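Inspection log for the structure reproduced underneath, given as structure tokens.
The values are calculated or read from the model by the stated rules, or taken from the named source; none is laboratory data. Here the structure is a predicted model, which is why all the values come from computation and not from measurement. Positions of Cβ are backbone-derived with ideal geometry, glycine not excepted, and every protein chain shown enters the neighbour counts.
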């Protein structure tokens, strides 16, 4: 391969998590986190909008079985275990997030400051995925 | 719970993928995709910057064993199987991406247009995760 530079990538558009119960996922990501549902296929998946990004919640037994021979040849994927996603959070709102999550029955698993001072708050979604709310200055990204 | 509105979330800051080989992950995400390495801990994880978002590549046997009793009590997580992430891509660059990925030995697994006309290109990273490059108008998001 010649050493051409890669075209630039502006960021993540989607992240997938795997869940057992789409209704529980919707209660958490839509009902508690307030993310609009952009697409749901009962028994298969439910997708949520977070700003200019999308959280894809899939039942892995469905996505693992999909094939690339149809009109929409989406490659199979699917994982078991506890995944991890992190949302950009305004540091001034983290106490409000703590209260909202706890009021909804989602206990705070961790809440600490990284060495550079950025704060992260962690909960588990109903499927057991680790969901973090972090100040973007953790990665030297402006709010 | 009183029915207060949630504080708004501006988007995903991080998405995790799980890999077996950090060097292979770095060759793909840094060497082929051109994403700068922001942090690496040998044997554990390597993180990459994509615009204002971060791709976290973890060895799951390490993250599953972490505990929340240290000074940085990051909750455990970790999954087995093929995960999925999607990068925002400029539609005019997708042919260049195809060529770059193929030249680097990463065959195109799928390349099609969704019903709304947005195009997606899919490859596998070295760990088998499904990596998509999609025009953001797939989700009615401006380039």
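Just one of the listed residues (B:47, B:87, B:58) is within 19 Å of the chain's Cα centre (by Cα), within 18 Å of residue A:16 (Cα to Cα) and surrounded by fewer than 22 Cβ atoms within 10 Å (Cβ to Cβ), and it is B:47.
Of the residues making up the range B:126-139, not a single one is more than 8 Å from chain A (Cβ to nearest Cβ) and modelled with pLDDT under 95. Looking at (1) crowded, with 17+ Cβ neighbours inside 10 Å; (2) assigned to a strand (DSSP E or B); (3) facing chain A (nearest Cβ under 7 Å), which is the one condition that is false for residue B:35? Just one mismatch for residue B:35, condition (2).
If I ask for residues that are within 30 Å of residue B:142 (Cβ to Cβ), more than 9 Å from chain A (Cβ to nearest Cβ) and not in a strand (DSSP E or B), which ones from the range B:53-91 would you list? Listed by number, the list holds a single entry, B:91.
Which strands (runs of 3 or more DSSP E) sit wholly inside the range A:93-143 and have at least 3 residues that are buried (at least 17 other Cβ atoms within 10 Å of the Cβ)?
Details: elements: A:110-113, A:119-124, A:130-134.
By residue number, A:119-124, A:130-134.
Just to be sure before I move on: is residue A:54 in contact (Cβ under 8 Å) with a residue 60 or more places away in the chain and within 15 Å of residue B:9 (Cβ to Cβ) in the structure I sent?
Working: in contact (Cβ under 8 Å) with a residue 60 or more places away in the chain: no; within 15 Å of residue B:9 (Cβ to Cβ): yes.
Against the criterion (in contact (Cβ under 8 Å) with a residue 60 or more places away in the chain and within 15 Å of residue B:9 (Cβ to Cβ)), residue A:54 does not qualify.
Is it fair to say residue B:17 is within 30 Å of residue A:106 (Cα to Cα), surrounded by fewer than 19 Cβ atoms within 10 Å (Cβ to Cβ) and more than 7 Å from every other protein chain (Cβ to nearest Cβ)? Criteria not met by residue B:17.
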